[in-house]
Amino acid sequence: MRTESDKRTVYKTDCSDSISLKNAYKEGKEILAKAGITEADLDAWYLLEFVTGITKARYYMDPDQSMDPEAWKKYKEYLEKRRNHIPLQHITGSQEFMGLEFLVNEHVLIPRQDTEVLVEEALEIMKQEIFRSKGCLQLLDMCTGSGCILLSVMHYAEQEGIFIEGTGVDFSEQALMVAQKNEKHLRSTKKDEKGKVNWILSDLFENVSETYDMILSNPPYIRTAEIEKLQDEVKLHDPFSALDGKEDGLYFYRKIVTDAKQFLKTGGILAFEIGYDQGKEVSDLMKKAGYDKVFVKKDLAGLDRIVCGVYY
């Protein structure tokens, strides 16, 4: 979870004026637990690992080794931030998604495991012969944020010999800057046209002009009135615009379902991440708009998680 500048080891085996790793970790757990942090033990460990670069194996070999005083100072600073419910990912600057490390900050929604269902389904669909035979697929990720959906699909599709020209769209210039950093971080060796990534600053389809084999989207879908009920880490630190699906949570689904039709190639796929209680409503929207073979897929918890359909 460490950024390049923080990949360092800062602990000592002998430092009389410092604190041991064991006691630092213990204090970290207590501070976070008292603040009501749900996974206090885990977060205290991640921050210790982030600051020191130590592995669990190395820690358990000698938990009484002393921390460098500067590392201890930094650890306390990070604990204070986490105690105040600043997301762990905003402190470390990264989040794992689909086994890949994505850079994140306050301008993008932190990637969630729920969204992996959308990526996995897109990859399964791409294995179909009708898509494999195209040579290079055109993929659009609407409301791209950190770019985690687009870049993950491209990364794993290429391992299957499926090449994609990808486009990520967002109305936030700051979000696109994060997505571009993630592209550089994850695709620095990609030079040819197959695997090219385009980023478009646009209010939904306003500045989009091409047509695509597949459009994926994790749009804002939380009802406005529900946002206040979310955890502080979400409601206070994720971008409000990335959460707010307006009064009924369906505003962006309506817009995208309607407008996507003119940007999909014949037989093109439109697939969304949805809220756990939105499966019927979003699938009905797609059916009424003329999409075929519409289905809802559940996540591992048995909750509705994506809706997918074809447009001819």
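For residue 271, indicate whether it is within 22 Å of the chain's Cα centre (by Cα) and in contact (Cβ under 8 Å) with a residue 60 or more places away in the chain. Here the answer is yes, as residue 271 does meet what is asked. For first residues located in region 68-91 and of a type in the set (Asp, Glu), partners that are in a loop (DSSP other than H, G, I, E, B) and lie 6+ apart or on another chain with Cβ distances below 6 Å form the pairs 68/10.
Scanning region 76-107 for residues that are crowded, with 18+ Cβ neighbours inside 10 Å, farther than 16 Å from residue 181 by Cβ and under 13 Å from the mean Cα position of the chain (by Cα) yields a single hit, 98.
The residues of region 206-250 that are free of Cβ contacts under 8 Å to residues at least 60 places away in the same chain, within 23 Å of residue 180 (Cβ to Cβ) and of a type outside the set (S, T, N, Q), listed by number, are 206, 240. I'd like to check something: does region 27-41 contain any residue that is at pLDDT below 95, open to solvent by 50 Å² or more (accessible area, probe 1.4 Å) and either of a type in the set (Val, Ile, Thr) or in contact with a Ser or Thr (Cβ under 9 Å, 6 or more places away or on another chain) (or both)? Checked region 27-41: at least one residue is at pLDDT below 95, open to solvent by 50 Å² or more (accessible area, probe 1.4 Å) and either of a type in the set (Val, Ile, Thr) or in contact with a Ser or Thr (Cβ under 9 Å, 6 or more places away or on another chain) (or both). Looking only at region 251-260, residues that are without any contact (Cβ under 8 Å) to a residue 40 or more places away in the chain and closer than 21 Å to residue 146 by Cα come to 1 in all.
Among the candidates 217, 241, the residue that is closer than 25 Å to residue 121 by Cα and among the hydroxyl-bearing types (Ser, Thr, Tyr) is uniquely 217. Restricting attention to region 62-73, the residues that are open to solvent by less than 70 Å² (accessible area, probe 1.4 Å) and in a helix (DSSP H, G or I) total 3. Among the residues making up region 116-145, those that are open to solvent by less than 10 Å² (accessible area, probe 1.4 Å) and in contact with a Lys or Arg (Cβ under 9 Å, 6 or more places away or on another chain) are 118, 126. The helices (runs of 4 or more DSSP H) falling completely within region 201-312 that include 3 or more residues that are within 27 Å of residue 131 (Cβ to Cβ) and either in contact with a strand residue (DSSP E or B) (Cβ under 9 Å, 6 or more places away or on another chain) or open to solvent by 20 Å² or more (accessible area, probe 1.4 Å) (or both) map to 251-259, 279-288. When region 56-73 is filtered for residues that are within 29 Å of the chain's Cα centre (by Cα) and more than 13 Å from residue 18 (Cα to Cα), the ones remaining, listed by number, are 56, 57. When region 171-200 is filtered for residues that are part of a loop (DSSP other than H, G, I, E, B) and modelled with pLDDT of 95 or more, the ones remaining, listed by number, are 171, 172.
For residue 5, are the conditions met, namely being more than 14 Å from residue 78 (Cβ to Cβ), open to solvent by 60 Å² or more (accessible area, probe 1.4 Å), modelled with pLDDT under 95 and in a helix (DSSP H, G or I)? It is true that residue 5 is more than 14 Å from residue 78 (Cβ to Cβ), open to solvent by 60 Å² or more (accessible area, probe 1.4 Å), modelled with pLDDT under 95 and in a helix (DSSP H, G or I). Contact map, region 27-38: first residue without any contact (Cβ under 8 Å) to a residue 60 or more places away in the chain and farther than 16 Å from residue 74 by Cα, second residue in a helix (DSSP H, G or I) and open to solvent by 50 Å² or more (accessible area, probe 1.4 Å), Cβ cut-off under 6 Å, separation 6 or more or different chains; pairs are 35/83.
The values are calculated or read from the model by the stated rules, or taken from the named source; none is laboratory data. Keep in mind that what you see is a predicted model, and the values were worked out from it rather than measured. Cβ coordinates were reconstructed from backbone atoms using ideal geometry, including for glycine residues, and neighbour counts include every protein chain displayed. Only protein heavy atoms, including side chains, enter the accessible area calculation; ligands, DNA and RNA are left aside. Shrake-Rupley method; radii C 1.70, N 1.55, O 1.52, S 1.80 Å.
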